[in-house]
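Data first, discussion second: the structure below is written as structure tokens.
The values are calculated or read from the model by the stated rules, or taken from the named source; none is laboratory data. Small disclaimer: the values here were computed from a predicted structure and weren't measured. Positions of Cβ are backbone-derived with ideal geometry, glycine not excepted, and every protein chain shown enters the neighbour counts. What goes into the accessible areas is simple: the full protein's heavy atoms, side chains included, and nothing from ligands, DNA or RNA. Shrake-Rupley method; radii C 1.70, N 1.55, O 1.52, S 1.80 Å.
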Amino acid sequence: MTRLVERVDSGDLHAATAGIWSGYAYSKPEQLGLPFEDVDIQVDDGVAPAWKFAPTAGGPASSTWAVHAHGMGGKRAGVLRGVPVASRLGCTSLVVSFRNDGEAPPSNDSRYSLGQNEWLDVEAAISYAVDHGAERIVLFGWSLGGSMALRAANLSAHSDRVIGLVLVAPVLDWAETLTSNGSASGLPKAIARAGLRMLGSDAGRWVTGLNQSIDLSALDWVTRAGDLKTPTLILHGINDKSTPVAASERFAELRPDLVQLVRFVVPGHSLEWNADAEKWESSVTRFLKSLPAD
């Protein structure tokens, strides 16, 4: 099969001997063709860079802000796919970085905590938005970012301003997700379960390198479905082996009053927009228009 190379974002195409497939449709904010600026958000150990996009509808200083958080091992560029639809609907967008993603300041242990602590950088972004005129907040969370968004909506000092969540292939139950990934890699379930116990144990920190053990039960939003208080849209591929859709389905079944689930037929993880951008954006449009205006 021969494919056209439409652009090269980094590296020398003629000299390269290897490459990677990525779901990123945009690698730089300029590629969206939308007005934006670089901003710094004050976080615990310094400043985290972010991109702020002005809306293309709703006036120059929209009071509804969308905060976009990427997933584990990713970069801000990965969530640029969600900015155009938010912009068309009159939202100011803030595309954020967070600890240990290589752009924001690292944590003391330089380890991901599966959203347990990363959400604090989303909280810092929410505070920035409020300080700059945001009256309503919609959180867009991709994969790990979905777990962070749920935690922020639940714990934020500004939770009363968070009017909606848009979650893309979210991690709703880390125990199930990690076990599923272990099984897919050929890891025996007994070993996977031992690893989970280590993550949740203070005694296991000498192996994990974490400064703090992880409370997996606090990150299990299927079990904690009753704690949800924010209208939520989930966009999830049915063939996602990294973050199985089953958890999203159970979550939606438990909270039909607040959760809408839109399924996509696409292999891979967080590729829903790539598979059907029109369906993705129309689903988000309907959801955001259904949220309270004030």
The range 218-294, accessible area per residue, ligands and nucleic acids excluded (1.4 Å, Å²): 47
Just the number, please: carbon plus sulfur as a percent of the accessible area of the range 29-184, 1.4 Å probe, no ligands or DNA/RNA counted. 48
For the pair Ser217 and Ala25, what calculated FRET efficiency results from E = 1/(1 + (r/R0)^6), where r is the Cβ-Cβ distance and R0 = 45 Å, to the nearest 0.05? 0.80
Where the centre of each part is set by its Cα atoms, how far does the range 29-92 sit from the range 230-294, in angstrom? 20
For Arg286 and Glu135, what does the FRET efficiency come to when R0 = 22 Å and r is the distance between their Cβ atoms, rounded to the nearest 0.05? 0.50
Restraint check, Lys52/Lys241; Lys229/Lys289; Lys75/Lys289, Cα-Cα greater than 21 Å: Lys52/Lys241; Lys75/Lys289
Full extension from Lys241 to Lys229: what is 0.36 nm times the residue separation minus their Cα-Cα distance, to one decimal in nm? 1.5 nm
Label 7 Å along Cα→Cβ of Glu253; the range 215-247 residues with amide nitrogen under 14 Å? 222-223, 245-247
Solvent-accessible area per residue for the range 66-143 (1.4 angstrom probe, square angstrom): 26
